[in-house]
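Take a look at the structure below.
The values are calculated or read from the model by the stated rules, or taken from the named source; none is laboratory data. Keep in mind the model is a prediction, meaning the values are calculated, not measured. Glycine gets a Cβ as well: all are built from the backbone with ideal geometry, and neighbour counts include every protein chain shown. Note: areas computed on protein heavy atoms with side chains; ligands, DNA, RNA excluded. Shrake-Rupley method; radii C 1.70, N 1.55, O 1.52, S 1.80 Å.
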Amino acid sequence: MGVDSVPLTVIVAAFIGGVIALQTRYQLLPGVQLSIIGLASRLMIVLELGPLLTGLVLTGRVGGRMTAEIGTMRVTEQIDALETLAYDPVAFLAVPRLIAALVMVPALVIIANFASIVAAWATLVLTTPVTTQEYIEGLRLGFTPFQVVYGLIKALFFGGAIAFVCSYEGYITSAGAEGVGRSTARAVVFGSVAILVLDALIASALAQYVAG
């Protein structure tokens, strides 16, 4: 869930950071300070796109696999065997995945934010007149520690949603191999929707505190 997802997370974050920087640079009105690009990039990445895109990427990559694993165990009666041996399938299969998600999704969001901000800087310095000093000035402008905490709160909820939805869909799988495929597709859709809903709810509750 964590280590194997780092390359994909970094690739997605880096390209998003570069695109954000370029779009911001070329949409600026004449006379606006170029340091505003660093500010806009930081806000979009740390507050919104870093956690959200990381959550959606992990839903497809990790959530689908999680559902398929548990679903296959269900249709091959391995979960029934655990119950026969007096093991709690939820504690044995779902809880470790939930803990892993709660730990690793925030960690991956930190990595994604760093990769995205660095990619934005490299894109600006290599392809536009923006200097490193101007970009760093923008990054520091109006920064408060809660902005990072805000993104990590989102990541924590997103990780919980991924583990819960995908484990549940795998646990209730039926109808053989066809059912595993159907549960996997449903888990990715429901997990993505859950992340979007949580994103809106968290923003409505905490966005007012982001500015300090």
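Report, to the nearest whole %, how much of the accessible area of the chain belongs to carbon and sulfur atoms, 1.4 Å probe, protein only.
C and S fraction of accessible area: 73 percent.
What ranking, highest mean first, results for peptides 83-93, 194-204 when packing means the other Cβ atoms within 10 Å averaged over each residue?
My ranking of the peptides, most packed first, is 194-204, 83-93.
Considering only protein heavy atoms, what per residue accessible area in square angstrom results for segment 74-177 with a 1.4 angstrom probe?
Computed with neighbouring chains in place, this is 52 Å² per residue.
Per DSSP H run of at least 4 residues, take -39500 (n - 2.57); add these up for the chain, divide by its residues and hand me the 222 nm value, nearest 500 deg cm²/dmol.
Numbers: 9 runs with 157 residues, N = 212.
Result for the chain, helices only: -25000 deg cm²/dmol.
Explain nothing, just compute: Karplus ³J(HN,Hα) = 6.51 cos²θ - 1.76 cosθ + 1.60, θ = phi - 60°, for every residue of segment 40-51 in order, whole Hz, x for Gly and Pro.
After applying 6.51 cos²θ - 1.76 cosθ + 1.60, I find 5, 4, 4, 5, 5, 6, 6, 7, 10, 5, x, x Hz.
Find out how many positive minus negative residues lie around residue 170, taking Lys and Arg as positive, Asp and Glu as negative, among other residues whose Cβ is under 9 Å from that of residue 170.
-1
For every other residue with a beta carbon closer than 12 angstrom to the beta carbon of residue 154, add +1 if it is Lys or Arg and -1 if Asp or Glu, then tell me the sum.
Within the 12 Å Cβ shell, the charges total -2.
Just to be sure I understand: with springs between alpha-carbon atoms less than 10 Å apart, which residue in 67, 128, 59 has the highest mean-square fluctuation in the Gaussian network model of the chain?
Highest fluctuation of the listed residues: 128.
Roughly how tilted is helix 176-206, in degrees to the nearest 10 and between 0 and 90, from the longest Cα axis of the chain?
Taking the Cα atoms of the chain, the angle to 176-206 is about 40 degrees.
Which entry in [x] 0.94; [y] 1.05; [z] 1.20 is this structure's computed Cα Rg over 2.2 N^0.38 Å?
This structure yields the entry labelled [z].
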